[in-house]
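The values are calculated or read from the model by the stated rules, or taken from the named source; none is laboratory data. Computed from a predicted structure; not experimentally measured. Backbone-built Cβ (ideal geometry, glycine too); neighbour counts: all protein chains shown. Side chains included, ligands, DNA and RNA excluded: accessible areas come from the protein's heavy atoms. Shrake-Rupley method; radii C 1.70, N 1.55, O 1.52, S 1.80 Å.
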Amino acid sequence: MAKKSIPAIKKGAVSPAEYTKFITSLKAKIRSAQIKAAVTVNSELIKLYWEIGKDIFAKQQREGWGSKVLERVAKDLQNEFPGIEGFSRANMFRMKAFFIAYEKVAQAVRQFASLPIFSIPWGHNILLLQKIKDVNERLWYASKAIGHGWSRSMLTIWIENDLYRREGKAITNFKAALPAPQSDLAQQSLKDPYVFDFLTLHKEYLEKDLEDGLVKHIQKFLIELGQGFAFVGQQYPVKAGKKDLYIDLLFYHLNLRCYIIVELLCGAQHNSSYVA
């Protein structure tokens with residue numbers, strides 16, 4: 001029986017697989033360019049606001065300009081640049097506050113534009129100015145927002161939950177049990193304490209109530225756990241020799257590349273294998 005020959009692809013014909021690969025590559029390049037362009041535009045805008053704030057502050061210091069002059073400046077800029085937002089009277093005051101807040105920090109670094117505040121949106125910066133007094137804490141949250149891609153609402157959540165003072169504060173044996181890079185990353189992945197305000201439990205709740213509550217609100221639970229946690233399962237079955245064991249909650253951490261087991265204990269309600 002004669003073998004059937006595979007029909008050759010005519011010159012100029014497009015292979016579906018090759019086309020899909022090619023167009024996917026182009027889309028990725030365009031998205032990358034769009035992101036870079038957006039970051040550049042944002043950075044230049046924040047630098048502009050910094051310079052305007054600096055000039056306003058200088059005029060007020062040297063020539064005693066008051067709020068009425070600032071109102072006039074805002075109106076003139078709005079008339080000159082009608083298609084550009086951000087030149088309101090309130091925003092003028094924010095620009096001045098922005099410059100004053102980081103003036104000393106900018107003087108201490110060689111390239112002030114490298115500060116994380118120039119790589120986050122203006123709305124994020126306003127939020128940091130309004131919510132946080134300490135400069136180092138503001139810069140810490142700005143760096144985290146860049147590293148994790150936080151939206152303004154997500155940044156608000158972490159500020160209100162005081163992540164700055166909780167991240168990496170859990171008591172662990174990571175430094176003794178793991179080599180330096182892994183131990184540091186593992187330590188920073190945990191907090192102390194964790195805040196589960198979204199739970200509605202009775203005073204005398206059981207471990208099962210706590211477990212079910214966390215799973216019911218798994219999205220909020222994952223947000224509180226932090227970046228990198230993926231939920232695998234509840235009461236996850238595992239074999240230990242001939243014994244069948246069940247893990248209360250099992251997670252996988254994308255950055256640590258390992259499974260994380262959560263065993264829930266509620267006061268004295270635990271078996272004798274645990275130490276309170």
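Quick notes
- Among the residues making up segment 249-276, a single one is part of a strand (DSSP E or B), open to solvent by 90 Å² or more (accessible area, probe 1.4 Å) and at pLDDT below 85: ILE261.
- Residue selected from segment 233-257 under the condition hydrophobic (A, V, I, L, M, F, W, C) and over 28 Å from ILE159 (Cα atoms), by the criterion nearest to the chain's Cα centre (by Cα): ILE247
- The set of residues in segment 131-158 being modelled with pLDDT of 90 or more, β-branched (Val, Ile, Thr) and under 11 Å from the mean Cα position of the chain (by Cα) consists of THR156 alone.
- Filter result (surrounded by fewer than 16 Cβ atoms within 10 Å (Cβ to Cβ), under 19 Å from PHE57 (Cα atoms) and either among the hydrophobic types (A, V, I, L, M, F, W, C) or in contact with a Leu (Cβ under 9 Å, 6 or more places away or on another chain) (or both)) within segment 98-112: ILE100, VAL105
- Check on GLY226, at pLDDT below 85 and either within 26 Å of the chain's Cα centre (by Cα) or exposed (fewer than 14 other Cβ atoms within 10 Å of the Cβ) (or both): yes
- Scoring ASN91 on the criteria (1) modelled with pLDDT under 90; (2) closer than 19 Å to TRP50 by Cα; (3) in contact with an Asp or Glu (Cβ under 9 Å, 6 or more places away or on another chain) leaves a single failure, condition (1).
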